[in-house]
Amino acid sequence: MIRHRPFGSEHPYATTGDQRVPARPEVGQQVTLGVAAAPAVTGILCRWVADRDGGTSVTELPMTREPDPGSRAAAADAGVHSVAPEVPVGTDAATDGDGHLAAAQARAGRGAGSHWTVEVPAVEAGTRYRYRFTATAADGRVRRSREFVVDPVSWVADAPGCSLRVPTDRLIGDSIRWLHSAAGVHRVRFALRLDDGERVVGFGERFDRLDQRGHRLDAVVFEQYKSQGEHGRTYLPMPFAHVVSPSGPGWGLHVRTTRRSWYDVDSTGTGRLVVEVDLGGTDREQLDVAIHHGTPSQVLDAFLAEVGRPEELPDWVFRLWASGNEWNTQQLVLERMDAHRDLDIPVGAVVIEAWSDEQTFAAFRDARYDVTADGAAHQGSDFTYPAEGAWPDPAGMVAELHRRGIKVVLWQIPLQKMRPHPRGQARADAEALVRDRHAVLEADGRPYRNRGWWFPQALVPDLSVQRTRDWWTGKRRYLVTDLDVDGFKTDGGEHPWGHDLRYADGRRGDEGNNLFPVHYARAFGDLLRSAGKAPVTFSRAGFAGSQAHGIVWAGDEDSTWPAFRHSITAGLTASACGILYWSWDLAGFSGPVPDPELYLRAAAAATFMPVMQYHSEFHHHRRPLRDRTPWNIAEQSGDARVVEVFRSFAHLRETLVPYLAAQARDGIAHARPLLRALFFDHADDPEVWNHPLQYLLGSDLLVHPVTEAGADSWATYLPAGDWVDVWTGEAIFGGRSVRRPTPVDVIPVYCRAESWTTMAALFGHHDTVPTG
């Protein structure tokens, strides 16, 4: 009849209506207590008890019913910020206009029931508080909650038994503080000195800006569905950053933690990088911070030596990837690939998202097979596929695509759906997850149920241990061994919320949740390796350690110019943290299709990024189609240039594959990102910071995407040295900005002059002597 969760859903950026706010109150803070209640509840009384050395005081406090029942909690649980939701809840736009994910988010945000709140007096030092709730229903029934305990916290200068190791003279000694309660130590805070002119880049994949100096951010894995650049949240955080000096070698820091951390990067202008880190709440906490010195490559090399280095992937990953969530039948997939062939647009991989039964995520939709009651894996021979079904011959389809030189990547999600109530194999799998202790658990031993808006209430496999990784991927092994699938799109990975979840490797949620997507990509990479395949996984979520596991893409975005710019920033920051193979949905995947100019500018940029791929969100096959294929953009816009220009970029991409593969090998060997911001190679040039959307692709190509509508010319800053315009062959002296015409089929790209002899032919130049 009533529910109170002291920490709520543990959505990292919003509170829920049934929680204590703040969850860990500091001495002197007032506390708001929230309760979710059934509609029949007519009144709730809170019994608030203060236990002091001098005695105990008891206060009975009536609670107030919130005037807007359920909105705050539902919005937070849905992954929507309680102040500024990205999708207007309950509107037609949320359900129909933006695709199936926006609709799912909106449905989760509507909620039901009611919420009651009460404010209690400010908490005092040296006092433990206990409280419980008594609810009365209209029919006279009375229900009491269990008792809850809260110990106030305070920041102290000394925490005996705890240690902080930061081996640098930049540590400001009197800045160290510990967040202490009667139960233990919950956080540590300290500050490092930043010198004038130093820039700070990193913290994982960041969409908002390249240089974080002057700003605040945190590091926690989170599914920010669209608008990442506006919110500063990310699927792929890392407690690592470069500090780039204008006057010599720089340095970097790696906070050796898997828990949530926060960073105030000199937002006050006092030259301090303030770091705050969650701890385990005991009286024996410790934190180590690694400090690495040198060039950006040397700093990155030292970081990768700790967390894992990228593994070389096959050359085919550098060809064009094609994807559409509405390609949900064998016929549609082959038709789209036929169109690529007929229009002479080379494609190297197709990502098939909507292939499964959407219950097990291991069997093709319409497949017929006997249920394994114990949740055991099937073999390929266990399945039959009706001729009239969506996928009449998956093995034949994969073989046909392979004959065309196209690799096949299948979509995955690390969840066992529980809504609607599972039947058949899905039910058997859910029972096995629980019975055989393959599921992530709550602190009380119950299976954890997903608290987010996507696949709410789903069970989550505990991929922290090999036995569950083997069980989970074993159910998909036949896809690789019998059907010859080449890789997996390891989508999701952000679902575990809660500081006190329990993982089989011994970690609690506060230290295990951020690692979940790392284990997830690793599990599928290991599956592919064990079958003799390259470990091609395609993930959006991750943490420190994801560098060693496949490809990362930048997640969900609309088709807008701001999202285009934010995506470039995401690639540069992820790469600065050692993500070698990085991608994005060129020109966005959600909402109405991009106009031809945005689409072609984005395609041009993607041609000169580590992985080039297009993708589109499911929209129930409504007309006009949301496919991001070049021919669909051309048809909807009436712009015949789209197919022709896209074709030219796709062919150019084919010629770049050997260069990209060689540069990837070099990047792995020498800790040089394949995609890298200019500071990596030109840290001593202060001007590069004024051009944050320019980058190097490998060591030889400088790229500057056109990211503004209507730009018929574009200025690019060339660092010192000799350069060649790859389109004209013109020699250009660096150390200055140059402007060139930018018709829609041209992206400014410049080659280092010393490499032009070997690079010229890629751009159609057979006379390798620069002109001009």
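The values are calculated or read from the model by the stated rules, or taken from the named source; none is laboratory data. Just so you know, these numbers come straight off a predicted model, no measurement behind them. Because the Cβ atoms are built from the backbone with ideal geometry, glycine has one as well, and the counts that use them run over all protein chains shown.
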TODO: Identify the single condition in (1) surrounded by fewer than 20 Cβ atoms within 10 Å (Cβ to Cβ); (2) touching a helix residue (DSSP H, G or I) at 6+ places or on another chain (Cβ under 8 Å) that Arg368 does not satisfy, given that it satisfies every other one.
DONE: (2)
Task: Close pairs from the stretch 653-677: first on the phi > 0 side of the Ramachandran plot, partner among the charged types (D, E, K, R), Cβ under 7 Å, at least 6 apart - done: Ala671/Asp301
- [ ] Could you check how many residues of the stretch 422-470 are of a type in the set (Gly, Ala, Ser) and in a loop (DSSP other than H, G, I, E, B)?
- [x] 5
Open item on the list: For the condition modelled with pLDDT of 95 or more, assigned to a loop (DSSP other than H, G, I, E, B) and surrounded by 22 or more Cβ atoms within 10 Å (Cβ to Cβ), what is the one hit in Arg206, Arg213?
Closed with: Arg206
Task: Failed criterion for Gly229 (all others in (1) under 15 Å from Ala574 (Cα atoms); (2) at pLDDT 95 or above; (3) not in a strand (DSSP E or B) hold) - done: (2)
TODO: Would you mention how many residues in the stretch 15-50 are within 16 Å of Pro62 (Cα to Cα) and of a type in the set (Gly, Ala, Ser)?
DONE: 4
TODO: Identify, from the list Ala443, Ala428, the residue that is out of contact with any Phe, Trp or Tyr (no Cβ under 8 Å at 6 or more places or on another chain) and either free of Cβ contacts under 8 Å to residues at least 40 places away in the same chain or within 18 Å of His378 (Cβ to Cβ) (or both).
DONE: Ala428
- [ ] State yes or no: is Asp344 of a type outside the set (Gly, Ala, Ser), within 22 Å of Pro630 (Cα to Cα) and either crowded, with 16+ Cβ neighbours inside 10 Å or at pLDDT 95 or above (or both)?
- [x] yes
- [ ] Could you check, for the stretch 644-658, whether at least one of its residues is in contact with a Phe, Trp or Tyr (Cβ under 7 Å, 6 or more places away or on another chain) and over 23 Å from Gly698 (Cα atoms)?
- [x] no
TODO: Please state which one of Thr268, Thr282 is closer than 16 Å to Trp155 by Cα, modelled with pLDDT of 95 or more and β-branched (Val, Ile, Thr).
DONE: Thr282
Open item on the list: Against the definition (under 19 Å from Ala671 (Cα atoms), acidic (Asp, Glu) and not in a helix (DSSP H, G or I)), how does Glu326 come out, yes or no?
Closed with: no
Task: Verdict on His615 being touching an Asp or Glu at 6+ places or on another chain (Cβ under 6 Å) and over 20 Å from Trp727 (Cβ atoms) - done: yes
Open item on the list: Criterion first (in contact with a Phe, Trp or Tyr (Cβ under 9 Å, 6 or more places away or on another chain) and among the β-branched types (Val, Ile, Thr)) does Val118 satisfy it?
Closed with: yes
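For (1) out of contact with any strand residue (DSSP E or B) (no Cβ under 8 Å at 6 or more places or on another chain); (2) part of a helix (DSSP H, G or I); (3) charged (D, E, K, R); (4) assigned by TED's automatic domain parsing to the domain that holds Lys407, each residue gets a yes or a no:
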{"residue": "Gly542", "(1), (2), (3), (4)": "no, no, no, yes"}
{"residue": "Pro562", "(1), (2), (3), (4)": "yes, yes, no, yes"}
{"residue": "Ser575", "(1), (2), (3), (4)": "no, yes, no, yes"}
{"residue": "Leu598", "(1), (2), (3), (4)": "yes, yes, no, yes"}
Open item on the list: Going by what's in this entry, would Asp627 be described as touching a residue at least 12 places away in the same chain (Cβ under 8 Å), under 23 Å from Cys577 (Cβ atoms) and either not assigned by TED's automatic domain parsing to the domain that holds Pro596 or not basic (Lys, Arg) (or both)?
Closed with: no
- [ ] Kindly indicate the residue of the stretch 86-125 that is at pLDDT 55 or above and polar (S, T, N, Q) and also surrounded by the fewest Cβ atoms within 10 Å (Cβ to Cβ) among those meeting that condition.
- [x] Thr117
Task: Search result, residues across the stretch 452-493 that are among the hydrophobic types (A, V, I, L, M, F, W, C), in contact with a strand residue (DSSP E or B) (Cβ under 8 Å, 6 or more places away or on another chain) and outside the structural domain of Thr537 (by TED's automatic domain parsing) - done: Ala458, Leu459, Val460
Task: Selection from the stretch 710-748 of residues that are acidic (Asp, Glu), more than 21 Å from Trp561 (Cα to Cα) and surrounded by fewer than 17 Cβ atoms within 10 Å (Cβ to Cβ) - done: Asp722, Glu730
Open item on the list: So, in the stretch 723-750, exactly how many residues are outside any strand (DSSP E or B) and closer than 18 Å to Ala761 by Cβ?
Closed with: 4
TODO: Would you point out which residue out of Ala322, Ala395, Ala339, Ala377 is touching a Leu at 6+ places or on another chain (Cβ under 6 Å) and touching a residue at least 60 places away in the same chain (Cβ under 8 Å)?
DONE: Ala395
Task: Only one of Phe589, Phe564 that is buried (at least 24 other Cβ atoms within 10 Å of the Cβ), of a type in the set (Phe, Trp, Tyr) and farther than 25 Å from Trp689 by Cβ - done: Phe589
TODO: Please work out which one of (1) under 30 Å from Gly197 (Cβ atoms); (2) in a loop (DSSP other than H, G, I, E, B) is the condition Trp714 fails and give its number.
DONE: (2)
- [ ] Determine whether the stretch 383-405 contains at least one residue that is assigned to a loop (DSSP other than H, G, I, E, B), within 28 Å of the chain's Cα centre (by Cα) and farther than 30 Å from Pro630 by Cβ.
- [x] no
TODO: Scan the stretch 379-411 for residues that are within 14 Å of Tyr478 (Cβ to Cβ) and of a type outside the set (A, V, I, L, M, F, W, C) and report the count.
DONE: 7
TODO: Tally the residues that are of a type outside the set (Lys, Arg) and either in contact with an Asp or Glu (Cβ under 6 Å, 6 or more places away or on another chain) or not assigned by TED's automatic domain parsing to the domain that holds Arg260 (or both), restricting the search to the stretch 176-200.
DONE: 6
- [ ] Could you tell me which numbered condition Asp558 fails, if it satisfies all but one of (1) in contact with a helix residue (DSSP H, G or I) (Cβ under 8 Å, 6 or more places away or on another chain); (2) in contact (Cβ under 8 Å) with a residue 40 or more places away in the chain?
- [x] (1)
TODO: Tell me which of these Val350 doesn't satisfy, since it passes every other one: (1) of a type in the set (A, V, I, L, M); (2) more than 14 Å from Arg423 (Cα to Cα); (3) part of a loop (DSSP other than H, G, I, E, B).
DONE: (3)
